[in-house]
Amino acid sequence: MTAAISARGLVKRFPAMEHPALDDLSLDVAEGEMLAITGPSGSGKSTALYAMAGLIRLDAGAVTVLGQTPVRRADWARVRAASLGLVFQDDWLLPTLTAVQNVEMPMIGVERSATLRAERAHAALDRVGLAKHADRLPAGLSGGERQRVAIARALANSPAVVLADEPTGELDVANSERVVGLLRGLNDAGTTVVIVTHDPGVAAACGREVHMVDGKLEDAP
Ligand SMILES: Nc1ncnc2c1ncn2[C@@H]1O[C@H](COP(=O)(O)OP(=O)(O)OP(=O)(O)O)[C@@H](O)[C@H]1O
Ligand SMILES: [Mg+2]
């Protein structure tokens, strides 16, 4: 098996926490796999996803993405720009940019042509059903619409790996199905997908499910 992501011995402690948020977590995600991470609130799912994207400083352990094990922030930034599409629990849209400008953000520095960037951003918004709101600011969108803009932004660069934290958390049934269908379609085309979810229906759409408890995988030794 070739691993798209290989996490080894991850430990993350937050100040004033008795138990580490990640407690010697090891997890392999195969290339082309669609994996669900489930588990109770506070079990470390989001922290694990942040670690896989190089967005938190670990107390121990290492993450390898497509054969590279970045350590320095600049190396992680390069890996994220080249290979990762990120959807977080908070949408992190920039409030002064329109929906389509937000979607274009990760393409800056990757795609030189402004025309192509705009075309791709509009196409990505269309795929999440938001073509008509391309020119709206985030404040003028509902929570679910903002979440879909964040998903479009994650997909705009055609990343090899998509890491999504509760991507359907704010969505109604129809849009949840649309987003899961979109991620399934990407996965069918070869994209590796990792989804943190509380929704059993979303987990069932994935090829494999792992369950986190107290900062590690449930069945890990
Ligand atoms: N920045 C932080 N500072 C202090 N503690 C934190 C921080 N981020 C997370 N934690 C703690 O780490 C633990 C794991 O948090 P995490 O957000 O990974 O949980 P989760 O499984 O994603 O939960 P949820 O399903 O509610 O999103 C929790 O106890 C949380 O309170
Ligand atoms: Mg979380």
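Bear in mind these aren't lab numbers, they're just calculated from the coordinates by the rules spelled out. It should be emphasised that the depicted structure is a prediction, and the values quoted were computed from it without experimental measurement. Neighbour counts are summed over all protein chains in view; Cβ atoms, including those assigned to glycine, are modelled from backbone coordinates with ideal geometry.
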Eigenvalues of the alpha-carbon gyration tensor of region 1-116, times 5 and square-rooted, give semi-axes in Å, largest first, of 27, 18, 14
Simple spin-label estimate for Val110/Glu177, 7 Å along Cα→Cβ, in nm, reads 3.0 nm
Mean separation of Cα contacts under 8 Å (at least 6 apart) over the residue count of the chain, i.e. the relative contact order in percent, is 31 percent
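When Rg is the radius of gyration of the Cα atoms in region 138-208 and Rh is its Kirkwood radius, what does Rg/Rh come to?
0.95
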Expressed in angstrom, Rg and Dmax over the Cα atoms of region 57-157 are 14.8, 46
Amide H contacts under 5 Å for Val162, restricted to residues at least 5 apart in sequence or on another chain and with H modeled in the peptide plane, are Gly85, Thr192, Val193, Val194
proj_area_mean for region 29-68 (convex hull on C-alpha atoms), units nm², value 3.5 nm²
Projected onto their principal axes, the Cα atoms of region 84-127 stretch, largest extent first, over whole-Å spans of 30, 22, 20
Of all stretches in the chain that avoid GluC sites (Glu not before Pro) placed in a DSSP loop and having at most 15 other Cβ atoms within 10 Å, the longest is 32-217
Counting only DSSP loop positions in region 99-128, the trypsin sites (Lys or Arg not before Pro) whose Cβ has at most 12 other Cβ atoms within 10 Å are Arg112
Magnitude of the Cβ-charge dipole (Lys and Arg +1, Asp and Glu -1) of the chain about the Cα centre, nearest 20 debye, reported as 800 debye
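Provide the convex hull volume over Cα atoms per residue for the chain, in Å³.
127 Å³
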Taking a straight Cα-to-Cα line shorter than 23 Å from Lys12, and setting aside same-chain lysines fewer than 8 residues away, one finds Lys45, Lys216
